[in-house]
Amino acid sequence: MSIPSAVKHTPISRGRQQLADYLAAGEKPREAWRIGTEHEKFGFLTDSLRPPTFEGERGIKLLLETLATRYGWDVAREGENPVALSRNKAAITLEPAGQLELSGAPLENVHETCAEVNGHLKEVRSVAEALGIGFLGMGFQPKWRREDMPWMPKGRYQIMRNYMPKVGSLGLDMMTRTCTVQVNLDFGSQADMVKKFRVGLALQPVATALFADSPFTEGRPNGYQSYRSHIWTDTDKARTGMLDFVFDDGFGYERYVDYLLDVPMYFSLQHGRYVDLAGQDFKRFMAGELPMLPGIRANMTDFADHLTTAFPEVRLKQYLEMRGADGGPWNRLCALPAFWVGLLYDDEALDAAWDLVKDFTRDERHALRDGVPKHALKLPFRKASVRELAAQALEIAKHGLRRRARLNALGNDEAIFLDPLQKIVEANQTPAEQKLELFHGPWHGNVDPVFTEFAY
């Protein structure tokens with residue numbers, strides 16, 4: 001699920017309807033619904049705390065090649081450079097500044113997802129320790145400046161690097177200094193997709209609050225609890241945000257296609273080479289009217305690539321991606337899929353979640369999105385706060401997971417993975433607030449201990 005479907009270079013002969021049909025092809029019967037978890041993490045050299053470069057005796061390139069050799073991963077290369085690994089429908093990929101991402105396999109339950117995460121971290125640690133590399137799960141790089149971050153040798157990243165400053169002031173920070181955890185979930189029909197999409201958008205700020213873990217910039221508090229979430233507000237407004245049209249009557253695959261066709265392009269992969277098409281119109285590409293590619297028309301592979309260049313809070317491909325959470329430690333990597341599976345994969349829970357949010361106004365949804373990066377659980381909402389909203393959502397998710405009754409060998413259902421989130425709500429203290437308390441207390445105003453006390 002979390003690995004893009006293999007798409008042939010099929011011509012787009014039926015226009016908008018063919019693109020909508022591609023999205024609809026993701027529909028699956030309930031017994032085929034799966035869970036795909038992705039998480040990113042920052043690498044750092046354990047002696048200097050600096051991010052590792054791609055090349056060198058302690059570089060990301062050697063880390064990838066050693067992982068592949070030792071643990072049986074297949075290597076994907078761009079030119080001579082390893083840029084991704086794949087094995088059993090899972091992948092390890094590189095983010096722009098060398099953040100390492102696990103794109104997990106489509107799995108049946110959260111127990112399997114958590115086992116996958118633990119196995120991955122164990123493999124990475126066994127290779128990284130010998131190289132003097134550690135990994136940290138947070139939403140934003142807590143110490144280093146943008147100009148201190150290395151760049152990985154991937155063609156699409158160079159195109160984005162050149163384009164981002166033209167459309168927002170924080171896009172390069174998004175690329176080089178953020179990490180997230182997300183979960184990808186299936187739907188059974190267009191109506192099911194629409195309901196899940198709406199619940200996901202309305203409650204995405206709750207996930208952002210629960211997982212808020214990016215309070216530092218260049219070694220100092222930045223005034224936010226999820227600075228990663230704030231960064232998306234000034235990255236590129238043409239491809240980010242809350243997608244108000246999802247709540248309009250008649251929303252479905254075709255309306256999402258209309259949105260995608262208005263998202264400016266980044267690139268097209270032609271004969272193994274990324275062609276810079278940043279800012280160009282995909283509709284003109286479909287008509288063969290781009291001056292950079294005269295006479296060449298977009299095909300379905302191009303559309304599948306274009307899908308990956310929109311970055312809303314919830315993204316539709318042939319599944320739904322929940323994109324609101326900061327990266328974090330291993331137990332919160334398991335908590336995110338548990339939260340959303342509990343809400344969206346049980347009918348009674350999905351109905352209850354929709355009842356919780358269906359009367360949110362557009363202004364309320366935006367107030368949540370805009371206020372949570374700074375205030376997280378303490379953001380006032382209606383006559384209470386986001387904390388109370390989070391408690392209600394967690395209760396719905398817990399009962400949804402219990403009704404699913406997917407048990408591990410000890411007889412525990414998936415609700416056990418919500419425990420870290422329950423503790424956050426009970427304490428009314430986010431991970432960001434915990435780190436700020438340490439920063440102003442035992443750490444004596446020094447952010448460096450985060451790399452030891454919170455490393456994987």
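The table below lists the values:
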{"quantity": "Filtered residues of the range 311-336 (kept if assigned to a loop (DSSP other than H, G, I, E, B) and either within 12 Å of the chain's Cα centre (by Cα) or more than 23 Å from residue 27 (Cα to Cα) (or both))", "calculated": "313, 327, 328, 329"}
{"quantity": "From 396, 424, residue being crowded, with 20+ Cβ neighbours inside 10 Å, of a type in the set (A, V, I, L, M), over 22 Å from the mean Cα position of the chain (by Cα) and not in a loop (DSSP other than H, G, I, E, B)", "calculated": "396"}
{"quantity": "Some residue of the range 89-105 being of a type in the set (D, E, K, R), at positive phi and modelled with pLDDT of 95 or more", "calculated": "yes"}
{"quantity": "Residue list for the range 87-122, filter: surrounded by fewer than 17 Cβ atoms within 10 Å (Cβ to Cβ) and either in contact with a helix residue (DSSP H, G or I) (Cβ under 7 Å, 6 or more places away or on another chain) or over 27 Å from residue 400 (Cβ atoms) (or both)", "calculated": "87, 88, 118, 122"}
{"quantity": "Some residue of the range 440-452 being of a type in the set (Ser, Thr, Tyr), modelled with pLDDT of 95 or more, exposed (fewer than 12 other Cβ atoms within 10 Å of the Cβ) and touching a strand residue (DSSP E or B) at 6+ places or on another chain (Cβ under 9 Å)", "calculated": "yes"}
{"quantity": "Some residue of the range 150-165 being loosely packed, with under 15 Cβ neighbours inside 10 Å, more than 30 Å from residue 436 (Cβ to Cβ), in contact with a helix residue (DSSP H, G or I) (Cβ under 8 Å, 6 or more places away or on another chain) and among the hydroxyl-bearing types (Ser, Thr, Tyr)", "calculated": "no"}
{"quantity": "Unmet requirement for residue 214, which otherwise passes all of (1) hydroxyl-bearing (Ser, Thr, Tyr); (2) within 22 Å of residue 258 (Cα to Cα); (3) touching an Asp or Glu at 6+ places or on another chain (Cβ under 6 Å)", "calculated": "(2)"}
{"quantity": "Qualifying positions in the range 198-213 - under 8 Å from residue 372 (Cβ atoms) and either touching a Ser or Thr at 6+ places or on another chain (Cβ under 6 Å) or surrounded by fewer than 24 Cβ atoms within 10 Å (Cβ to Cβ) (or both)", "calculated": "208, 212"}
{"quantity": "Per-region count, the range 23-41, residues of a type in the set (Gly, Ala, Ser) and part of a strand (DSSP E or B)", "calculated": "1"}
{"quantity": "Number of positions in the range 303-331 that are buried (at least 19 other Cβ atoms within 10 Å of the Cβ), in contact (Cβ under 8 Å) with a residue 40 or more places away in the chain and in contact with a strand residue (DSSP E or B) (Cβ under 7 Å, 6 or more places away or on another chain)", "calculated": "12"}
{"quantity": "Filtered residue count, the range 100-157, keeping only those that are of a type in the set (Lys, Arg) and within 24 Å of residue 230 (Cβ to Cβ)", "calculated": "3"}
{"quantity": "Scan of the range 260-282 for residues that are charged (D, E, K, R) and closer than 19 Å to residue 243 by Cβ, ordered by number", "calculated": "262"}
{"quantity": "Selection from the range 337-355 of residues that are within 15 Å of residue 399 (Cβ to Cβ) and in contact (Cβ under 8 Å) with a residue 60 or more places away in the chain", "calculated": "338, 339, 340, 341, 342, 343, 344, 345, 350, 353, 354"}
{"quantity": "Residue ID - nearest to residue 311 (Cα to Cα), chosen from residues in the range 228-245 that are part of a helix (DSSP H, G or I) and either among the acidic types (Asp, Glu) or under 15 Å from the mean Cα position of the chain (by Cα) (or both)", "calculated": "232"}
{"quantity": "Where a residue in the range 11-31 is more than 18 Å from residue 251 (Cβ to Cβ) and its partner, wherever it lies, is exposed (fewer than 12 other Cβ atoms within 10 Å of the Cβ) and modelled with pLDDT of 95 or more, with Cβ under 8 Å and at least six apart", "calculated": "none"}
{"quantity": "Scan of the range 244-268 for residues that are of a type in the set (A, V, I, L, M, F, W, C) and without any contact (Cβ under 8 Å) to a residue 40 or more places away in the chain, ordered by number", "calculated": "245"}
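The rows are residues; the columns are (1) in contact (Cβ under 8 Å) with a residue 60 or more places away in the chain; (2) among the polar types (S, T, N, Q); (3) in a helix (DSSP H, G or I).
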residue: 43; (1), (2), (3): yes, no, no
residue: 48; (1), (2), (3): no, yes, no
residue: 53; (1), (2), (3): yes, yes, no
residue: 56; (1), (2), (3): no, no, no
residue: 64; (1), (2), (3): no, no, yes
residue: 75; (1), (2), (3): no, no, no
residue: 85; (1), (2), (3): no, no, no
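The values are calculated or read from the model by the stated rules, or taken from the named source; none is laboratory data. In this text, all values refer to a predicted model and were calculated from it rather than measured experimentally. Positions of Cβ are backbone-derived with ideal geometry, glycine not excepted, and every protein chain shown enters the neighbour counts.
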